[in-house]
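The values are calculated or read from the model by the stated rules, or taken from the named source; none is laboratory data. Everything numeric in this text was worked out from a predicted model, so none of it was measured. No Cβ is skipped: glycine too gets one built from the backbone with ideal geometry, and neighbour counts run over all protein chains shown. These area figures cover heavy atoms from the full protein model, side chains too; ligands, DNA and RNA do not enter into them. Shrake-Rupley method; radii C 1.70, N 1.55, O 1.52, S 1.80 Å.
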Amino acid sequence: MKEIRYYIKRISEFPTHLIQIESISIESLWHDTMVRLTGELNQVDFLKTQNWKQIQSDLNIAGLHSMISYLLVDEESTLEKFDNLAKDHLASFLKDQLPLLAEAVSPFTEWINDGERSEELVRSLFHFLDVLPSGESKDYFKDRYKSIDTIERFKILEESKKSQERAKEMLRKIKQAEEEEAASKYNRE
C-alpha cells in the first residue's frame, strides 16, 4: 500500500479526455476490474449486487465507477488481492456510498479537478475497504476522512439548520407566552 498522495494523484490523472463515459459498459468494466483484482474469472455474484441500468443512465455515477475502477487496477498501487470480504465491502461502497457522493458533488469531474475532493473519494473508498494508506495511523486516517467528508458536512449543516429552527420556535413560544402574560396582567389592572 502506498501513501495517500499516490492515490490522490492517480485520481487527478484520470483520463477524461481519452474516454467517453457514456460509451463504456460499466458492468463490463467492473467484471474486468474484479477479474484483475481477484484472479477469478467468475464474477457473477459481485456483478449481481449492482443495478447496472441505473448506473449506466447516470453520467455522474458512471463516471465515479470508472474512476474507482481506474484507481483499483493500477499495477503500482500494491493493493492487496481481494478476498470475498473485500469484494463485499467494495460492492457495498459502490451500491450505497457512490450514489451519495455523485449526488453531493456534480459533475463527476469535480472529483478529478479538486484535490480535496480527490482525497475524499480515495479516503471514502479505503474507509469502506478497511485499508490504511502507508504512513497513516487508524486515528489519523479517520480524523482526516471525517474532516473532508462532504456527506457528513451536509448532515451537520442540516442538523444545525434544524437546531436553529427549533431555537427560533422556542423563542417564538416564549415571546408569545410573555405577551399573553402581559395582556393578562394589563386586563387584571
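Descriptive notes on the structure:
- Members of Lys48/Lys161; Lys53/Lys161; Lys138/Lys168; Lys2/Lys146; Lys9/Lys161 lying beyond 31 Å, as alpha-carbon distances in this model show: Lys48/Lys161; Lys53/Lys161; Lys138/Lys168; Lys9/Lys161
- In the chain, helices alone account for a calculated mean residue ellipticity at 222 nm of -21500 deg cm²/dmol, with every DSSP H run of four or more residues adding -39,500 (n - 2.57).
- Among Leu37, Leu157, Leu171, the residue with the largest mean-square fluctuation in a Gaussian network model of the chain, with springs joining Cα atoms closer than 10 Å, is Leu171.
- Normalised by the number of residues in region 1-118, the average gap of Cα pairs under 8 Å and 6 or more apart makes the relative contact order 38 percent.
- Net dipole in debye of region 1-70 [+1 Lys, Arg Cβ; -1 Asp, Glu Cβ; about Cα centre; nearest 20]: 240
- 0 to 90° range, to nearest 10: angle between helix 59-72 axis and the chain longest Cα axis: 50
- Placing unit charges on the Cβ atoms only, positive for Lys and Arg and negative for Asp and Glu, gives the chain a dipole magnitude near 460 debye about its Cα centre.
- Gyration tensor (alpha-carbon) shape descriptor, region 1-105, a/c threshold 1.5: rounded
- Based on Cα contacts under 8 Å between residues 6+ apart, region 77-189 shows a relative contact order of 23 percent.
- Seen from every direction in turn and averaged, the convex hull around the alpha carbons of the chain projects onto 15.4 nm².
- Mean-position separation - Cα centroids, region 145-189 and region 58-119, in angstrom: 39
- Signed unit charges on C-beta, dipole axis of the chain, positive-most listed residue Tyr7, Asn187, His31: Asn187
- His127 accessible area, 1.4 Å probe, all protein chains in place, Å² to nearest 10: 90
- Positive-pole candidate from Met170, Trp111, Pro133, dipole of region 88-189, charges at beta carbon: Met170
- What you get for region 141-189, charging only the Cβ of Lys and Arg (+1) and of Asp and Glu (-1), is a dipole of about 280 debye around the Cα centre.
- Pair Glu75, Glu40: separation of 7 Å Cα→Cβ label points (nm): 2.5
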